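Just so it is clear, none of the values below were taken in a lab; they were calculated from the coordinates. The model shown is predicted, which means the values in this text are computed figures rather than measured ones. Virtual Cβ from ideal backbone geometry, glycine too; neighbours counted across all protein chains shown.
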Amino acid sequence: MSAVLHLKKGRDESLERFHPWLFSGAVASIEGNPQDGDVVEIRSASGAFRATGHYQHGSIAVRILSFTPSAIDDRFWLHALQTAYRLRRDLRLANHPQTTAYRLVHGEGDFLPGLVIDIYGATAVIQTHSAGMSRMQTEIAAALQTIYGAALQRIYCKSAAAAPDSDDRYLAGSPPATAGDVIMENGHRFIVDWETGQKTGFFLDQRDNRRLLAHYAQGRRVLNLFCYTGGFSVYAGAAGAAAVHSVDSSAKAIELTRQNATLNAPHAPHEAFVADAFEFLKQAPDNAYDLLIVDPPAFAKHAAARRNALQAYKRLNALAIAKTAPGGLLFTFSCSQIVSRTDFRQAVFSAAAIAQRPVRILHHLSQPPDHPVNIYHPEGEYLKGLALTVSNEQWS
Ligand code: SAH
């Protein structure tokens, strides 16, 4: 018998709107003694069933798994992951000859708050962000094996940094002979090292934006700031960029960028630098680059940091706009969840005004559809970007 959380009178609103989290402030009383990670039931003040989900102490009391009465058992996990898989198949990502890496489960975006699963060829990497999901790792791994069969050689759980009471280990299969594996994305090859890389090893969320960038890269001098493993650089090189410079503050990232550049186009004019992106931009000669990518890590992880983050986006983009050669383009991003699309656009607008350049928006950029946004959880729309053109005329 699972514990039951009874809501305060009139506090059903978020559940009526299918928000995937129940905040502790809405709870009147708890029947039973739930521990972190237990499956609990939520009932309204009148006693009506509302939802089932994973309980955890803290401001988010329950991460909701179902709005209808249902057992959270092996059948539930198999059905949930099959549903996620079918979407990726419809998106033509599963079983694609040119793209072997995609996100299978994107937390709330797949109605599975606290769970991320990325597929890298024959390897699945699971990242759990809640006590409840951490406890379900065995069931989730079993469902993955049922869905993929022999196509899945190993399942790696990479949750030590993300969840309480979890660790990094293989749940199925064994480590590859050499670290990581080579995946394909739109025909380009990348080394992904899920054990030591950032996040689950690769930034899958920039796939579509990299493809768009390739469209503009021919003959241009490209500067890829915050390049990580060089995703944008590889696409630009393959598309015939005149030169590609990649910058990241992490030496490991730059090493991987160099390897990926060589793997795809050993003779492309590519150089990679371990450097602070702000400093590199400041010191870059004027008019040296006519296609810039600015994809920094989240500047704000909490609401309290939002204002400072907006200032940082403004400063960074003012510099980038100032350094874009006339007639050049700038692809600029924010992956901070608490910085909205409107906020980000405002920061870039202020940056353009500081740089006093004629800037126009060509594309509004976003996360790809294997990172779907649950409409009841707008916070899930975390990646936003703008592709800008900086015209020839000088306004200052
Ligand atoms: N564009 C990348 C993902 C960027 S993730 C891709 O397509 O895969 C953000 C990167 O910024 C990380 O690799 C991190 O090492 C790097 N970084 C963080 N702070 C930095 C700084 N001040 N200067 C340069 N790089 C930085």
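The three principal axes of the Cα atoms in segment 205-313 give end-to-end lengths of 46, 29, 27 Å, sorted in falling order. Within the chain, the longest run free of trypsin sites (Lys or Arg not before Pro) that sit in a DSSP loop with at most 13 other Cβ atoms within 10 Å is 93-300. Once each part is reduced to its C-alpha centroid, what is the distance from segment 1-34 to segment 121-184 in angstrom? If we compute the Cα centre of each part, the gap is 31 Å. Largest GNM mean-square fluctuation among ILE338, ILE119, ILE375, using the chain with Cα springs under 10 Å: ILE375. In terms of surrounding Cβ atoms within a 10 Å radius of their Cβ, LEU292, LEU115 rank from fewest to most as LEU292, LEU115.
For segment 74-192, the fraction of C-alpha pairs farther apart than 17 angstrom is 53 percent. P(r) tail for the chain: Cα pairs beyond 31 Å make up 42% of the total. Among DSSP beta bridges lying fully in segment 101-257, give the percent that are antiparallel, nearest 5. Just about 70 percent of them are antiparallel. Listed by chain and number, the aspartates and glutamates whose alpha-carbon sits under 18 Å from that of LYS384, ignoring those within fewer than 8 places in the same chain, are GLU108, ASP205, ASP208, ASP295, ASP343, ASP370.
The Kirkwood radius of segment 283-396, taken over pairs of alpha-carbon atoms, gives through the Stokes-Einstein law at 25 °C and 0.890 mPa s a diffusion coefficient of 169 µm² s⁻¹. Per-residue Cβ neighbour counts within 10 Å put PHE23, PHE203 in the sequence PHE23, PHE203, beginning with the fewest. Counting other Cβ atoms within 10 Å as a rough exposure proxy, the listed residues THR52, THR196, THR229 run THR196, THR52, THR229 from fewest neighbours to most.
Over all other residues within a Cβ to Cβ distance under 12 Å of TYR156, the charged ones net out to -3, with Lys and Arg as +1 and Asp and Glu as -1.
Neighbours of ALA325, meaning other residues whose beta-carbon lies under 12 angstrom from its beta-carbon, give a summed charge of +2 when Lys and Arg score +1 and Asp and Glu score -1. Mean silhouette area of segment 128-271, derived from the convex hull of its C-alpha atoms and averaged over all directions, reads 9.5 nm².
Estimated from helical segments only, the mean residue ellipticity of the chain at 222 nm is -8500 deg cm²/dmol, where each DSSP H run of four or more residues counts as -39500 (n - 2.57). Segment 339-393 to segment 205-245: how many Å between their Cα centroids? After rounding, the separation between the Cα centres reads 18 Å. Stretching the chain fully between HIS364 and TRP395 yields a gain of 8.7 nm (0.36 nm per residue, less the alpha carbon separation). Each listed q (0.20 Å⁻¹) maps to a log10 I(q)/I(0) for segment 3-66 from the Debye sum over equal C-alpha point scatterers, namely -0.64. Here, segment 204-390 has an Rg and a Dmax of 15.6, 48 Å when only alpha carbons are counted.
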